Amino acid sequence: MPRLSSALPKYRLHKASGQAVVNLGGRDQYLGPYQSPESRQKYDRLIAQFLSIGRQSAVERGPTATVAEILLVWWQHAQTWYVKDGQPTNEVEAYRLLIRDIRQLYGPTPATDFGPIALRAVRQAWIDRGQSRQSCNKNLGRVKRIFRWAVSQELLPAHVHQALATVDGLKRGRCTLPEAPPIMPVELEVVTRTLEHLQPIVRDMVQLQLLTGCRPGELCKLHPAAVDRSTDVWEFRVAGHKTEHHGRARTIYLGPAAQEILAKYLLRDANAVCFSPAEAVKQTRARRRAQRVTPESCGNRPGKRSGGLAGRKARKPPGDAYTPDSYRRAVHNACDKAFPAPEPLGQRPGESEAARRRRLTDTQLGELKAYQSAQRWSPNQLRHTSATTIRKQFGLEGAQVILGHAKADVTQIYAERDAEKAREVARQIG
C-alpha cells in the first residue's frame, strides 16, 4: 500500500507500560496514562508542534541535535519556501552546495557547539576554493539564516545564533579575496552583430528586452493573458517576479515598437508562453528544408536525425518555454558564430564542433574557452544596456520606473553614469 504521508501520527496504547504513546519522527513519545485527559492534551500539543515545523519530530530539539540534523530539517523547509511559480529558485541550489560543505566539516558536531570559529572555518573552505568576497558574504548570511530559523523553531537555544551573528562579513580592501566582476552593459554594436546569427524568435526576445528593460526570467514567462491592451501603451503584469515576496507589483510597459514585435506572438492560447523553443526548432527546420538541395528521397528524411519534435528518438526534445538558462545558451551560441575564434582555434570549413575539439590540444581548448568567454554576452546585460540608454534620455527617475526599482540607489547599479556629461563638466571647469 502507498504510504499515507498526509495522515497524522496515531494516539496508541503501549501495552507493556499502560501509557499512551505517539511516534514522531521515528521516535516514541510517551504521553502519560492511556485515555487520560493529560495524555490527550500532551498528544494535541505535540501534534500541533509537529505540524508547525513541517511534520518534523519535536524530539530533535535541544542540545542533542547535531549540525547534520539541523541542516536536514532546514533543507526540507527550504525546498518548500524558496519556490516561485511552482519551481525552486536559485537559492535552493545555493543552499544545497552550502549544506554539503558544512556537513563535510561539522556534520556529526552538536549544533550547540557550532560557533564563530566553526563558521570562520567553513568560510575558509570557500576562500580556498576561490570564491569571491561577495559570494563568501552571501554564503555567510545564508548560514546565519539557517541557525536563526532553527532558533525560531525552538530546535536550538537562542545563544547559538547570537554567537554566529558576531561574525562580520569580509570588507573590501581588508582582505585579499577577488571582487566579483560587475555586470556591465553590452554595446549596441555588439548586440547588432549578434542579432544576425540569432534564430528569429530569440532575436525578437533580445529586441523586446532592449526596449522594455525587463529581466530574462520575466520575458520567458510572457503570455497573452498577462498583457493588458486596453490603452495605447500595453502593460504586462508579471506574476511570480523577483520581488513579489516583498509585496511589490511588477508591470512592464510596452510602447509602439515593442507592440509591433510582440503582436504576432499574441495570436495563440491566452495562457501559452509567447516564446517557445519547440516553435523555434520548427522554424529552423522549415527554413533548412526550403533551402535543401538534396531530394527528400535521398539522405535523411526531415526530422529523422534528431527524432523531430515527437521526442521519441531525440535525446532532449525542445521545451515549450524558454528558461533564462536556455535563452542565455542561445545567445552564447550566436556570439560564437558572430565572433569566430582565429586560426588554429577556429572551425575550419566543413568541420563539425566535435571534430574541432578532437583536433585541438588541451592547451588550445583552454585558449578557445577563454576567447569565447571574452566575446560572449548574456541577456541580463541587456537590462543594464536599456537602463543606461533610458537614463541618458529621461534621467534617473525614468530608469527607475521602467526597471521597477523601489529605490533609486538600486537603479544606480544598473544605469551607468554618462561619461560624456562628466567630460563636458571637466571642459567647462578647466
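Rule-based calculations on the coordinates, nothing more; no lab input. This is a predicted model, so every value here is computed, not measured. Cβ placement follows ideal geometry from the backbone for every residue including glycine, while neighbour counts extend to all protein chains displayed.
Taking 0.36 nm per residue of separation and subtracting the Cα-Cα distance, what length does fully extending residue 237 through residue 225 add?
The residue 237-residue 225 span can extend by a further 3.4 nm.
Could you name the aspartates and glutamates in cross-link range of residue 15, using Cα to Cα under 14 Å and dropping any fewer than eight places away on the same chain?
Output for residue 15: 28.
Roughly how big is region 72-146's charge dipole about its Cα centre, with Cβ charges of +1 (Lys, Arg) and -1 (Asp, Glu), in debye to the nearest 20?
200
Over region 124-258, what is the relative contact order in percent, taking alpha-carbon pairs closer than 8 angstrom and at least six residues apart?
17
Counting only residues 5 or more places away or on other chains, whose amide H sits under 5 Å from the amide H of residue 84 once H atoms are built in the peptide plane?
89
Taking a cut-off of 12 Å between Cα atoms, list the aspartates and glutamates near residue 392, but don't count ones fewer than 8 places away on the same chain.
Leaving aside aspartates and glutamates fewer than 8 places away in the same chain, those within reach of residue 392 are 416, 418, 420.
Select from 87, 122, 64 the residue farthest towards the positive end of the dipole of region 62-144; place +1 on Cβ of Lys and Arg, -1 on Cβ of Asp and Glu, and compute about the Cα centre.
122
Filter 144/242; 42/144; 84/264; 138/221; 264/316; 282/337 down to the pairs with a C-alpha to C-alpha distance above 30 Å, please.
Exceeds cut-off: 42/144.
In what sequence, highest mean first, do 102-114, 70-82 appear when ranked by Cβ atoms within 10 angstrom?
The most tightly packed comes first, giving 70-82, 102-114.
Give the calculated FRET efficiency between residue 358 and residue 13 to the nearest 0.05, with a Förster radius of 60 Å applied to their Cβ-Cβ distance.
0.25
Arrange 296, 367 by Cβ neighbour counts within 10 Å, fewest through most, would you?
Starting with the residue having the fewest Cβ neighbours, the order is 296, 367.
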